[in-house]
Amino acid sequence: MKYQIAVVKGDGIGPEIVTEAMAVLEKVGRKFGHEFAFQQVLAGGCSIDAHGVPLTEEAIQTCKAADSVLLGAVGGPKWDNVPSEKRPEKALLGLRAALGLFANLRPAQMHKALSAACPIKPEIIGDGFDILVCRELTGDVYFGAHGRRESDKGWGVVGYDDMNYSAFEVERIARRAFEMARVRSKKVTSVDKANVLETSRVWRETVTRVAADYPDVELGHMYVDNAAMQLVHNPGQFDVILTGNLFGDILSDEASMITGSIGMLPSASLNESGRGMYEPIHGSAPDIAGQGIANPIATILSCAMMLRYSFGLKAEADAIEAAVEKALDDGHRTRDLATPGEKAVSTHEMGEIIRGNL
Ligand code: NAD
């Protein structure tokens, strides 16, 4: 089978890590008899340099026509002073909107071999944790009316951002979360602030209604302030965390940090047809760009997510994840993972080791 993948290498370490991930996909293709055809697209700072805008219409069309998009990272100090409508990050928002991406999936898993990097005490971590944060991407306070007005109490300027969620949006993401939980540990924790927010009461009612269609999945509700505490108190209790755009933004970063290694964490953003954009959660790391020392694992694991969620290639995705696990178990570390004095491998060497394990 042939799959078309639009590739946005982006800025900073993007080209280095994506090159390794593409080579991993090619290796998987040879091993399992698939063809992955890559079409390179400029987006972010490199597109500003080449075309004067962070995302061209042509780039959007290439990504829309592809079966999925693989993205490195965009942005960097070179473009920090461009006007806000032209900033590299606008490329991400433009692609999310053009592709209709509404479900952001972020696994936060502790790799046993890296447990020393976890900032939480071993007695709390126990057997580790394997969390999937399922965050809604199109609604919430980010997309309501924004503005400023004068305070009628004479307190000066008031900024406001209207928070809203429709039952349609909540149901769409809830179904995705329950389906994910079905192939994991069959537990969904829906996170909201229903004791205070009407938006959250609509959220909770809708999730509860949808849950009736998934009787094999256990549903629990948790207030977001408690969820933030529970993530560091007892992360092992979570399987799928289902939440809105704002709470998901914060909790998914918290969940990532308790794994202790930003260079390890992949993500997927999916649309209704199951196509998606796959990218590491980290940024373009301009401080280490061009040195060949970036960790390519988050990008390589993002490819595994692409195979699993957009192409339905489970065995192939498992093979990539096992190859990464073996590289770590065998003691290979890029500089970000190495302890002081420990020998570190380069970006390319880590890619080669993982491909060797395949
Ligand atoms: P960052 O994630 O790029 O870097 C934070 C720290 O983590 C740095 O010390 C960096 O060296 C390290 N790091 C990140 N990825 C690594 C990897 N794969 N291997 C080893 N070390 C790694 O965050 P930042 O410094 O806040 O942002 C840098 C630029 O990236 C900014 O322009 C920001 O806007 C952009 N950014 C882009 C995305 C994206 O494209 N999705 C996401 C976040 C930030």
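Laboratory data are not the source of any read-out in this text; all were calculated from the coordinates shown. Nothing here was measured: the structure is a model prediction, and the numbers come from that model. Virtual Cβ from ideal backbone geometry, glycine too; neighbours counted across all protein chains shown.
Key figures for this structure:
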quantity	calculated
Per-residue ³J(HN,Hα) for region 14-22, Karplus 6.51 cos²θ - 1.76 cosθ + 1.60, θ = phi - 60°, Hz, x for Gly and Pro	x, x, 5, 6, 5, 4, 5, 5, 4
Region 144-269: radius of gyration over Cα atoms, expressed as a fraction of 2.2 N^0.38 Å	1.21
Residue with peak Gaussian network fluctuation, the chain [Cα springs, cutoff 10 Å], from HIS146, HIS34, HIS51	HIS146
Protection proxy ranking of 94-102, 130-138 - average other beta-carbon atoms within 10 Å, highest first	130-138, 94-102
Inverse of mean 1/r across different Cα pairs in region 224-297, Kirkwood, Å	14.3 Å
Of the chymotrypsin sites (Phe, Trp or Tyr not before Pro) in region 9-56, those whose Cβ has at most 11 other Cβ within 10 Å and which sit in DSSP loop	none
Peptide ranges 211-221, 280-290, 148-158, 62-72 listed from the most packed, as the mean C-beta count within 10 angstrom indicates	62-72, 280-290, 211-221, 148-158
Convex hull volume per residue for region 64-120, taking Cα atoms only, in Å³	177 Å³
Percentage of interatomic Cα-Cα distances in region 229-358 larger than 22 Å	44 percent
Members of LYS78/LYS112; LYS78/LYS326; LYS86/LYS153; LYS27/LYS78; LYS86/LYS314; LYS27/LYS326 lying beyond 28 Å, as alpha-carbon distances in this model show	LYS78/LYS112; LYS78/LYS326; LYS86/LYS153; LYS27/LYS78; LYS86/LYS314
Of all DSSP beta bridges in the chain, antiparallel share, percent nearest 5	40 percent
Region 21-112, relative contact order in percent, only Cα pairs under 8 angstrom and at least six apart counted	26 percent
Point-charge dipole on Cβ atoms (K/R +1, D/E -1) for region 37-95, about Cα centre, debye to 20	80 debye
Coarse-grained scattering of region 1-96 at q = 0.11, 0.19 Å⁻¹, given as base-10 log I(q)/I(0) from a Debye sum over alpha-carbon atoms	-0.33, -0.84
Cα-centred dipole magnitude for region 1-118, charges only on beta-carbon of K, R (+1) and D, E (-1), debye, nearest 20	400 debye
Largest-first principal axis extents, alpha carbons of the chain, Å	62, 50, 45
Per-peptide average of other Cβ atoms within 10 Å, ordering 293-301, 23-31 highest first	293-301, 23-31
Charge dipole (region 85-194, unit charges on Cβ, about Cα centre) - positive-most of SER190, ILE120, HIS146	ILE120
